[in-house]
Amino acid sequence: MTMSQPCQCMTIADDDPRYEALRAFIRDEENSQGIAMSALQEAQRLFGYLPLEVHKFISMETGVPIAELYGVTTFYSQFTTTPKGQHQVHVCMGTACYVKGAQKVLDKVTEILGVGVGMTTEDKLFTVNAARCLGCCGLAPVMMIDDDVYANLNDVDEIPCILAKYRRESRTPNR
């Protein structure tokens, strides 16, 4: 399976209604200190990520230079400039997990999903992340998918079944 590269061709239409919601938020907050940070947080909540066109919009509405907005976006890990998957897969790579086989877990996850660390699957279902530590050292090796913790993943053959559960759930209407 080949690793796919993130698509850089996605754009958000100028008439997307989320822009109007963001404009209203900015107007409500325009006299607040730290408008750049709060506008970026609201944009991330609305759009799910912060592409260049959203930075341009915020800059036009607030007067904050795009370079300053981009600096804030790239400094804080809460922000992302690329779309993320519906499910966030975090494999702990802390010392305890690493010693107990975390690399095998991460390799299996990337093999099954066909994407590398920091990348999102083409169907936008999963984003794979390598975490420094998930704070579950006594349960090593550990993987989290969203808020669900999968502990003692010594048998990487369990991973396909775990990921399949999230694929099934995403296909179920009215989730």
remark   = Computed over the chain, the Cα gyration tensor eigenvalues, each multiplied by 5 and square-rooted, give semi-axes in Å (largest first) of 35, 18, 14
key: Calculated diffusion of segment 87-171, Stokes-Einstein form, Kirkwood radius summed over Cα pairs, 37 °C and 0.692 mPa s, µm²/s   = 263 µm²/s
remark   = Amide H neighbours of His87 at under 5 Å, excluding residues fewer than 5 places away on the same chain, with H built from the backbone geometry, are Phe126, Thr127
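Using the per-residue mean of other Cβ atoms lying within 10 Å as a proxy for protection, in what order, highest first, do the peptides 56-67, 91-102, 160-171, 111-122 fall?
91-102, 111-122, 56-67, 160-171
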The chain: angle of helix 35-47 to the longest principal axis, Cα-based, in degrees nearest 10 = 60 degrees
In Hz, Karplus ³J(HN,Hα) per residue of segment 94-109 (6.51, -1.76, 1.60; θ = phi - 60°; x = Gly, Pro) = x, 3, 4, 5, 4, 4, 8, x, 4, 4, 5, 5, 4, 4, 5, 4
query = How large is ³J(HN,Hα) for each residue in segment 61-74, as worked out from phi by the Karplus curve 6.51 cos²θ - 1.76 cosθ + 1.60 (θ = phi - 60°), to whole Hz, x for Gly and Pro?
reply = 6, 10, x, 7, x, 4, 4, 5, 4, 5, x, 5, 4, 7
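No value in this document is a laboratory result; all are computed from the given coordinates. Keep in mind it's a predicted model, so treat the numbers as computed, not measured. When we count neighbours, we look across all protein chains shown, and the Cβ atoms used for this are built from the backbone with ideal geometry, even at glycine.
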